[in-house]
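One structure is given below, encoded as structure tokens.
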Amino acid sequence: MNDIQDRRDIEHLVRLFYERATKDTLIGHYFTSVVPINWDEHIPTIVSFWENILFQTGAYKGGMLFKHMNLNYLSAFKPAHFDRWVDIWENTVNELFSGERAEEAKFRANSIAIIMQTKLGVYPPENKK
């Protein structure tokens, strides 16, 4: 199995991830009913995001936190939502790729989930102050 080599590989990964995430009973509604997503715009944006993370291209020009703040306002995130997102991402990466960049993609997804939860104030009830 090959490692993630280029933008084409990332696009394949992202498309398969969203195919699964949109059908997921726990997080699918964020992609299908909470906000209307223009997939023709969203997919290239997310591919650029991951391309920047894995290849330092500078291709992504942000606003990720603000967009997720809006989602959280419309339908509050819970830790389980982030856990599921990471699980689907990791399973998709593992199915398609093996190597240093694949490991980096999984590591960074976990980091992103932790950072997003922290910035959005999403904590398990026992950790709330």
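A few points about this structure:
- Under the condition of being at pLDDT below 95 and either open to solvent by 70 Å² or more (accessible area, probe 1.4 Å) or closer than 16 Å to Phe17 by Cβ (or both), the residues counted in the range 54-67 number 5.
- Residues satisfying the stated conditions in the range 91-116, i.e. surrounded by fewer than 17 Cβ atoms within 10 Å (Cβ to Cβ) and under 16 Å from Ile27 (Cα atoms): Asn91
- The residues of the range 10-41 that are surrounded by 14 or more Cβ atoms within 10 Å (Cβ to Cβ) and in contact with a Phe, Trp or Tyr (Cβ under 8 Å, 6 or more places away or on another chain), listed by number, are Ile10, Leu13, Val14, Phe17, Tyr18, Ala21, Thr22, Ile27, Phe31, Ile37.
The values are calculated or read from the model by the stated rules, or taken from the named source; none is laboratory data. All values reported here derive from a predicted model rather than from experimental measurement. We place every Cβ from the backbone using ideal geometry, glycine too, and count neighbours over all the protein chains shown. We work out accessible area using only protein heavy atoms, side chains counted, and drop any ligands, DNA or RNA first. Shrake-Rupley method; radii C 1.70, N 1.55, O 1.52, S 1.80 Å.
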